[in-house]
Amino acid sequence: MPIVPSLLAVWLLQVSRVQGAASSEAVCGQPVINSPRIVGGQAAAYGSWPWQVAIFQGGYFICGGSLIAEQWVLSAAHCFLGSTATSQYDLLLGAYELLNLTSTVVESSVEQILTHPDYNGKAGSSGDIALLELRAPVNFTKNILPTCLPDSSAQFPLNADCWVTGWGNIQEGVLLPSPLTLQEVKLPLMSQAACNNIFNSHPVGVLGKNPIKPDMICAGNQNSGKDSCQGDSGGPLVCKLQGRWTQAGVVSWGVGCASPFHPGVYTSVPFYANWIQATMNGESQNGGSQNAPVVTFLLMALVTALL
């Protein structure tokens, strides 16, 4: 049997990744269950958010995430500030009650954790986004499906139907009670200018002026009592866009929970759409994807020569 050249192996890997992405796009953002939801924080309906992922470190739940492809989960960089050693982390996909797992839940180990290079670990840092590659692709089921990813030009209207989900605290310092049922809350989006105005009117010293950077979005209403909270970090903010649930943000940071003067802040997924796609495709960040058609053509010629 001839040895497959390394370039050909790389090409075959790229083809596999492209096929996986196409498969994810075909089913993304379409849960089997679309139950009516009441505005406000409450337990989600079973099966209504099939892309929600629970991330554990050393056996302890630490953060949320979202399934975006057969082998990729999106989360926040700050969730892995302590360590990116993959052996420390396990993921649960298709979970609903963390203390009452069903046979449909899938546990996955992590192959690699890739945090954005702009994240510096400080409060309000840009680049609070991370990708986790699973050790093996997951099979999609009615309880395990990906959310859709927006492209870099996507714009979510401020009146969009947007929801945040997670297993975090239900109030400041109040843990989610047993059996740890997935929670949901509907939140309106807020413009960067409006959010900065609110933060500037009630400044937090360590954050400085205009803490909401171009790669961040805010969600929430003043005095609504609705917000994401500790433990929801890394989880998805999804909005209905052209009939499909599409991820607009990643739970990033905030000042307290449901503070009337400090809306929740999320990493903008459209802002990092190109980084997400390039990272999943194994491409460099300096235009590597632009050379892909030429490389593919040359490798196709190589394949033909080997047959």
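A few notes on this one:
- Out of 77, 95, 85, 136, sole residue that is surrounded by fewer than 14 Cβ atoms within 10 Å (Cβ to Cβ) and in contact with a Ser or Thr (Cβ under 9 Å, 6 or more places away or on another chain): 136
- Here residue 123 qualifies as small (Gly, Ala, Ser) and modelled with pLDDT under 95.
- Lone unmet requirement of (1) without any contact (Cβ under 8 Å) to a residue 60 or more places away in the chain; (2) surrounded by fewer than 20 Cβ atoms within 10 Å (Cβ to Cβ); (3) in contact with a strand residue (DSSP E or B) (Cβ under 8 Å, 6 or more places away or on another chain); (4) not acidic (Asp, Glu) for residue 115: (2)
- From the options 170, 113, 129, residue that is touching a His at 6+ places or on another chain (Cβ under 8 Å) and among the hydrophobic types (A, V, I, L, M, F, W, C): 129
- Yes/no for residue 107 being closer than 15 Å to residue 135 by Cα and open to solvent by 50 Å² or more (accessible area, probe 1.4 Å): yes
- Being of a type in the set (A, V, I, L, M, F, W, C) and surrounded by fewer than 16 Cβ atoms within 10 Å (Cβ to Cβ) is not true of residue 67.
- Residues in region 42-61 that are of a type outside the set (Gly, Ala, Ser), part of a strand (DSSP E or B) and either touching a residue at least 40 places away in the same chain (Cβ under 8 Å) or buried (at least 24 other Cβ atoms within 10 Å of the Cβ) (or both): 42, 52, 53, 55, 61.
- Unique match (being surrounded by fewer than 21 Cβ atoms within 10 Å (Cβ to Cβ), at pLDDT 95 or above, in a loop (DSSP other than H, G, I, E, B) and not hydroxyl-bearing (Ser, Thr, Tyr)) among 226, 213: 213
- Region 161-184 - residue that is surrounded by 18 or more Cβ atoms within 10 Å (Cβ to Cβ) and at pLDDT below 90 and, of those, nearest to residue 267 (Cα to Cα): 168
- Test result for residue 242, over 19 Å from residue 276 (Cα atoms), open to solvent by 10 Å² or more (accessible area, probe 1.4 Å) and either among the hydrophobic types (A, V, I, L, M, F, W, C) or at pLDDT below 90 (or both): yes
- Restricting attention to region 139-160 and to residues that are small (Gly, Ala, Ser) and open to solvent by 50 Å² or more (accessible area, probe 1.4 Å), the residue that is farthest from residue 66 (Cα to Cα) turns out to be 153.
The values are calculated or read from the model by the stated rules, or taken from the named source; none is laboratory data. Because the structure is a prediction, the values reported are computed rather than measured. Reconstructed Cβ throughout: ideal geometry from the backbone, glycine too, with neighbour counts over all protein chains shown. Ligands, DNA and RNA are excluded from the accessible area calculation, which covers all protein heavy atoms including side chains. Shrake-Rupley method; radii C 1.70, N 1.55, O 1.52, S 1.80 Å.
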